[in-house]
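Worksheet for the structure shown next.
The values are calculated or read from the model by the stated rules, or taken from the named source; none is laboratory data. As the structure is a prediction and not an experimental result, all values here were calculated from the model. Here Cβ is always computed from backbone atoms with ideal geometry, including for glycine, and neighbour counts include all displayed protein chains.
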Amino acid sequence: MRLAAPGTLLVLIMAQPNLATGMMPYYRHAWALAPLLITVIFAAYLIALTPTLSLLGTPASRADWWWRIAVGSACGVGADCAMALAHSAVVACVARILAGLSVGLVTGSLAGLILERRGERGRTAMASATVIGSALGTFAAAVVAQYLPAPGVAVYAGHAVLLAGAAAAVVSDRAVRPAAAGSRSGAASLVAEPAAAGYLTGISAWVSAGLVVALLPSYGAELLGTGNLVLLALPVVLYLVTAWLAQRALPPNRLPAEPITAQLIIIAGVLIAAAVAWLPSLPLLLCGGAVAGCGQGLAYRAGLRIVSVAAPPEHHARLSSRFAAVAYLCAAVGTIALGAVASLAAMRDAVPAGALTLIVIVAATAAVRRRAASRAANVPLVSSTTA
């Protein structure tokens, strides 16, 4: 039980901000939300998450884990209560801010706790819990909202009870029983890349996530002419699951120019989803979500490795938090911008605009890498002439 409790809590923490994703078409209809307001609600979570990760997300010691887990879990329960009572976008934004505080406070401490108890296997457990929580939150909320009464209340009330119970189980067990040291053979070497390329790759991954999670369900509802929340949640669920599966199926550095290739896969998926505007088809939308998800998982992994590979292990948590904060902030800005496009033009225009944004980012990544390669190639020449 003590091994399972932190992972269970992480699943529930990551599920909370994704509950609204599965229900967004319902909220759009019930509250008469414009696309811009939908993206503002989504971005409120990222805007709160970013400074929380940067300022409080990396505990200095084990003793600092527990208050973060307790306060962060309380924020998650508060977010559930606010969404259960919400009747407007304003209250929903407050709930999303609480969700951002929850995820930002809790994930770093739970990561430390899971690694302490599981050793190197904990890294796989964390990745699995994050994806399972995100996908399960999206899909379960859609199912409950579609088939049970009082959808705006039942989803959040049930989650609040489970979250409070899991948090109590974790905080009540603070015993130190470290796992046996595991092998670190999986730490494959990485060819030196400029840090800016890593950040741009992470930004591309999360701009696509903002597009898919915030807009794709409403995009599908409008173009496919369906209000079934379960069907509309499927592209997001596929996006999240394939992002995780791609990381597990394809070892790092197997793709040529992995940061560029991963971003091109994302763009291919977004363009497939954009084609739904001309060829309305649920399978086509699902295919777009799945392809973009594969690219997202590979891009986020590649970006994080580029940023952190040269740092000593004790600095990885700080660099990971900084990397995530930059990616989330850019995702929030990009998502609101795409929501503005959908409101001022049409929902069908937002996805091609997202593809164009991602093309600009991959072009910038290629330019940064090319400049760094050129600089590296000139270094020996300079050294030899000055010798």
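Comparison of 221, 233, 214 shows that the only residue that is in contact (Cβ under 8 Å) with a residue 40 or more places away in the chain, within 15 Å of the chain's Cα centre (by Cα) and not assigned by TED's automatic domain parsing to the domain that holds residue 147 is 214. Please go through the range 58-97 and pick out each residue that is without any contact (Cβ under 8 Å) to a residue 60 or more places away in the chain, aromatic (Phe, Trp, Tyr) and surrounded by fewer than 17 Cβ atoms within 10 Å (Cβ to Cβ). Across the range 58-97, the qualifying residue is only 67.
Filtered by the rule that a residue be within 17 Å of residue 356 (Cα to Cα) and surrounded by 18 or more Cβ atoms within 10 Å (Cβ to Cβ), the range 269-288 gives 269, 270, 271, 272, 273, 274, 276, 288.
Restricted to the range 227-259, and to residues there that are in contact with a Phe, Trp or Tyr (Cβ under 7 Å, 6 or more places away or on another chain) and under 18 Å from residue 208 (Cβ atoms), the residue that is surrounded by the fewest Cβ atoms within 10 Å (Cβ to Cβ) is 237.
Do we find that residue 108 is modelled with pLDDT of 90 or more, surrounded by 19 or more Cβ atoms within 10 Å (Cβ to Cβ) and closer than 21 Å to residue 128 by Cα in this structure? In short, no. Of the helices (runs of 4 or more DSSP H) lying entirely inside the range 271-387, those containing at least 2 residues that are farther than 30 Å from residue 105 by Cβ, among the β-branched types (Val, Ile, Thr) and at pLDDT 90 or above are 347-386. Scanning the range 112-144 for residues that are among the charged types (D, E, K, R) and either at pLDDT 75 or above or part of a helix (DSSP H, G or I) (or both) yields 116, 117, 118, 121, 123.
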